1. So what are the ³J(HN,Hα) numbers for the range A:200-216, from phi and the Karplus equation (6.51, -1.76, 1.60; θ = phi - 60°), rounded to whole Hz, Gly and Pro as x?
2. Evaluate the Debye formula for chain A with equal point scatterers sitting on the alpha carbons, no solvent, and hand back log10 of I(q)/I(0) at q = 0.17 Å⁻¹, in q order, two decimals.
3. How crowded by other chains is B:70-76, given as the mean number of beta carbons from other chains within 10 Å of each beta carbon?
4. About its Cα centre, what dipole magnitude does chain A give when the only charges are +1 on Lys and Arg Cβ and -1 on Asp and Glu Cβ, stated in debye to the nearest 20?
5. Residue-wise, which Karplus ³J(HN,Hα) couplings in Hz belong to the range A:89-102, taking 6.51 cos²θ - 1.76 cosθ + 1.60, θ = phi - 60°, and x for glycine or proline?
6. Can you list, shortest first in nanometers, how far A:Leu159 lies from the same residue in the other copies, with each label 7 Å from Cα toward Cβ?
7. I'd like the Karplus ³J(HN,Hα) series for the range A:65-71: coefficients 6.51, -1.76, 1.60, θ = phi - 60°, whole numbers in Hz, and an x wherever there's a Gly or Pro.
8. Give, rounded to the nearest 20 debye, the magnitude of the charge dipole that the protein assembly as shown has about its Cα centre when Lys and Arg contribute +1 at Cβ and Asp and Glu contribute -1 at Cβ.
Number of protein chains: 2
Amino acid sequence: MAVLSKDNGVALYAQVRETLRNRIANGSYQPGERLPPEEALTAEFGVSRMTVRQGILDLLDEGLLYRKRGIGTFIAQRHVHRDHNRLTTFFDSAASENFEAKIEVLKQEVSLARHLVARSLNILEGEPVFHIKTLRFADGLPITLHDEFIPYKLCPDMLHYDFTQVLSWEALERCGFRVKQAVQKIEAIAADEKTAKLLETEIGDPLLYKERTVVGEDGTPLEFALCYNRGDRYSLTTTLTR
Amino acid sequence: MAVLSKDNGVALYAQVRETLRNRIANGSYQPGERLPPEEALTAEFGVSRMTVRQGILDLLDEGLLYRKRGIGTFIAQRHVHRDHNRLTTFFDSAASENFEAKIEVLKQEVSLARHLVARSLNILEGEPVFHIKTLRFADGLPITLHDEFIPYKLCPDMLHYDFTQVLSWEALERCGFRVKQAVQKIEAIAADEKTAKLLETEIGDPLLYKERTVVGEDGTPLEFALCYNRGDRYSLTTTLTR
DNA sequence: CTTATCCGGTTGTCTATACAACATAATTCT
DNA sequence: AGAATTATGTTGTATAGACAACCGGATAAG
C-alpha cells in the first residue's frame, strides 16, 4: 500500500498527510477509530517515523485527528463547519456559496489618514492613503458597504486599477505584498441615514459592522477596512480553539 | 547565554521557544530584524538543530516570526490584536478585560432537543438535553442573553450545578469532556420584545447574535448555544489566516 | 478479592547527520 | 560591462536511533 513517489517534487510528509486525509475522507478510517501507530505507518509508507509524524501533526492542527499519549491517534468526529476562518475574497465567497458578485465603486482617491486609520495601519496621522469606497452586491442585492484604506507608499500606482474587477489584495500582491492574516473587530450597530440608503434598508436596522486590519507576511499592516453588512443578508462563521 | 535546564520537566524546545519569545517581547530582537540562523541558536542553546527548529516553528504558527527559505528567520512587525481567537470563558474575559462579571440563571431544566439544536449537537430530534438560560452582566449592566443546550447523556448530573458560579464547561470537564474548539456563526439582528426587556434595551435595537457549537477533543459536539449580545456593549475580535 | 507492581504498546522528546532547495553575493568568462 | 557560473549561507526535508513519559492491562502480592 505504499504509494509514495520519491521524485514528483511533493514532500514525502505531505504525501503521507494527503494519503491519510483521503483515507479519512473516503471512510477507510472511520471517526473514532484508531489510526495505525506511527511505527506501522512508518513500515507501510517506507519512510522514517519523523516523516510520518510530520504528516500526522499537520492533520492534528487541522483537527482531523487527535492523539492520546500512550494510547494512540484517533480520527476525530466530523462536525458541521471545520476550518471556517480562512481569509477569502468577495469573489471567492461568491464562487463557493454560489451567488453572483458585483462591485460598484463609489469613491477612489488619495486622502490623508485620520486617527483610527493611521493607528490601525501603523502610520502617522495625515500620511497619504488610498481610500476606496465600494458597494458590494450579491445576486443584485446590496450587502456590504466597504471603506478601505491602504498606505499610499506601499503601492503608488493603486489609483489606476479598476476596483470593480480587481480586488485591493491582488493589487497589493502585484506590488510584492502577500496578504497573510486579517484581524477583525465585529459588532452590531444600527444603520445611519446614508448607509441605510446605500444598502437599501431602513434607518436603525441592524448592521454587522467589521473593522478589519489586513497584514502581510512580516506583520506589516497592508489594509484597514470598515465594512457595513446588512444584518439580514450577511453572517459569518469563525472557529475558536482553546 | 544558554540557560536551559535539562531536568525541570519542561521540554527543551519549549524552553527555546519561550526564551525567544521573551527576547522578542523585551526588545532584544527587534521587529524586522533577522533571527540568528538555526545553527547559531543550536550552538548557543547547546541542543540539536531539530530541537531549536521545533521551538521556532511554534512561534511561526503564532505569527511572531516568519521565515524565508534560503534567507533567514525574521521577527514579525507587531500589530494590534494578535491571536484573539482563543476560546475563553465569561469569567476569563472579565479577568483580562477588567470588568465585574455576574451571571443570573433564568432557566435550568431538561427539555427535548428541537431541530436546530439536535442538528448542531449531532443527536436525534427529541433527545433529552439540558437547557440553561442565563443573563450575563458586566459591571452590573446586562450584556448577553445565553441559551445553552447540552446533551443529557454526556453528563447526567448537570442539573445540580449552580450556574451562577460554575460554567457549563467546567461541569463538562468534570464529566471527562475537555472543551477544545468552538464554531460560531455570527450575525446582526434586531431585538424582539422579550430579549429587549431582559437586556434593558429597546425593541429593534441591534444585537450581535451568535450560534455557537462547542466540540471536544474528538470532535464530538458538547454544547450548542444561542447568544444575544447588546450591540452597544459587546464586540468581538477574530483572526483569519490565508 | 483487592491492591500493588510490572510490562508492553504508543506517543513525546531529542540527537547527529546528510543532502536538497533556494537566495544572494562573489567570481569568472565572454 | 554584462552575463553566466560558482560559492556560500540559510531553511526544508529526511533518516535512524535512542530514551522518556504515559496508559492500560496482566500479573503478582497481600
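Read the figures in this text as sums done on the coordinates, not as results from a lab. Only a predicted model underlies this, so the values are computations on that prediction, with no experimental measurement involved. As a convention, Cβ positions derive from the backbone with ideal geometry for all residues, glycine included, and neighbour counts pool all protein chains shown.
1. Calculated HN-Hα couplings, in order: 6, 9, 9, 4, x, 5, x, 10, 8, 9, 10, 10, 10, 10, 9, 10, x Hz.
2. Relative scattering, expressed as log10 I(q)/I(0), comes to -1.17.
3. Mean partner shielding for this stretch: 2.
4. 1000
5. Once θ is set to phi - 60°, the couplings for the range A:89-102 become 8, 4, 5, 4, 4, 4, 5, 6, 9, 6, 10, 8, 9, 9 Hz.
6. 7.2
7. Working through the residues one at a time gives 10, 9, 10, 10, 4, x, 10 Hz.
8. Here the protein assembly as shown has a charge dipole of around 1360 debye.
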